[in-house]
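For reference, the structure is listed below as structure tokens.
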Amino acid sequence: MKMLGKKMSTAVLSVAFIATPVVSMHALAAPVAASEQQATQNLVKQLTGLHSFSANFTQTTKSNGKKTVQKKGLTSQHLNQTFQGVMKVERPGKFFWETTSPSKQTIVTSGKTVWIYDPDLQQAVRQSLSDQVANTPALLLSGNTAQIMQSYHVTQPDRSKTYYTLKPKAKDSAFQNLTISFGANGVPSLMILNDSLGQTTTVSFSQVNKNAKIPASTFNFTPPKGTDIIDQ
């Protein structure tokens with residue numbers, strides 16, 4: 001939802017090299033990054049093979065110590081807490097994200113409208129999909145590949161590894177960068193989001209089911225009777 005270290009610095013050899021043990025040059029070699037074009041092509045290929053998937057998730061958000069303001073991102077949350085739930089995606093455009101613990105919230109879309117439902121508040125926020133993607137980066141996993149590539153710069157710090165960092169091209173984005181790591185089965189295993197408020201959100205996925213049939217009703221949402229609907 002590991003291998004996320006910054007670029008390794010190359011070791012500087014000193015004049016004492018002769019007196020030191022011989023070290024394999026392979027061990028000293030820094031990871032070779034892919035070009036932006038290669039990274040983009042690799043990510044597109046990765047997403048193209050992912051038609052649908054479902055998984056459990058664990059999400060933790062930590063602050064860097066600066067004063068922050070609560071905003072709805074992947075889910076509504078308190079800082080330095082851990083949330084758990086389930087995620088279901090069917091590409092393109094269908095997305096279901098439900099936090100089940102310690103509180104409940106649902107984010108769901110069938111392609112155009114995104115609903116954010118909070119049963120405790122009896123409130124449902126209704127937004128257009130294009131507006132909500134900026135605040136809910138997990139929606140990228142259900143998105144149109146061409147649109148994603150138009151909106152983000154993609155880097156692949158190590159071209160031999162299947163993890164990618166996406167940086168929004170828009171200056172007013174709600175997050176600074178998002179790193180997505182894919183497992184051997186071709187599905188996301190980890191996501192790390194750094195937002196504009198100085199917070200880092202880590203989402204790990206487990207019990208992943210790739211390209212399985214998901215009922216269409218999963219992505220439909222009808223506000224329960226008595227729900228306060230807010231259009232944004």
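Readers should treat all values here as calculations from the given coordinates under stated rules, not as data from a laboratory. The shown structure was predicted, so the numbers you read here are calculated from the model rather than taken from an experiment. For neighbour counting, all protein chains shown are included, and Cβ atoms are generated from backbone atoms with ideal geometry for every residue, glycine included.
In nm, to one decimal, how far is the modelled label at residue 120 from the one at residue 160, with both set 7 Å along Cα→Cβ?
4.6 nm
By a straight-distance test (C-alpha under 17 Å), which aspartates and glutamates pair with residue 171 as possible cross-link partners, with residues fewer than eight away in the same chain excluded?
The reachable aspartates and glutamates, counting only those whose Cα sits under 17 Å from residue 171, are 131, 195.
Arranged from highest to lowest average of other beta-carbon atoms within 10 Å per residue, in what order do the peptides 90-98, 200-208, 119-127 appear?
Values: 90-98: 20.4, 200-208: 17.3, 119-127: 14.8.
The peptides rank, most packed first, as 90-98, 200-208, 119-127.
In whole Hz and in residue order, list the ³J(HN,Hα) couplings for segment 54-62 that follow from phi through the Karplus curve 6.51 cos²θ - 1.76 cosθ + 1.60, θ = phi - 60°; x for Gly and Pro.
10, 6, 7, 9, 10, 10, 10, 10, 10
Restricting attention to the alpha-carbon atoms of segment 40-231, what are Rg (one decimal) and Dmax (integer), both in Å?
15.9, 52
Enumerate the amide H contacts of residue 159 below 5 Å, restricted to partners 5 or more residues apart or on another chain; note that Pro and chain-start residues carry no placed amide H.
32, 33, 34
Would you calculate the separation in nanometres between label points at residue 64 and residue 144, each defined as 7 Å from the Cα along the Cα-to-beta-carbon direction?
Distance between the two pseudo-spin positions: 3.4 nm.
Apply the Karplus parameterisation 6.51 cos²θ - 1.76 cosθ + 1.60, with θ equal to phi minus 60°, to every residue of segment 171-183 and state each ³J(HN,Hα) to the nearest whole Hz, in sequence, with x for glycine and proline.
6, 9, 5, 6, 9, 8, 7, 9, 9, 10, 10, 9, x
Return the distance in nm (one decimal) between the two label points of a simple spin-label model at residue 225 and residue 213, each offset 7 Å from Cα along Cα→Cβ.
Placing both labels 7 Å along Cα→Cβ, they lie 3.3 nm apart.
Given 100, 114, 180, which one lies farthest toward the positive end of the charge dipole of segment 81-232, if we put +1 on the Cβ of every Lys and Arg and -1 on the Cβ of every Asp and Glu?
The Cα lying farthest towards the positive end belongs to 180.
Excluding residues on the same chain fewer than 8 positions from residue 104, give the aspartates and glutamates whose Cα lies under 16 Å from its Cα.
By straight Cα distance, residue 104 reaches 118, 120.
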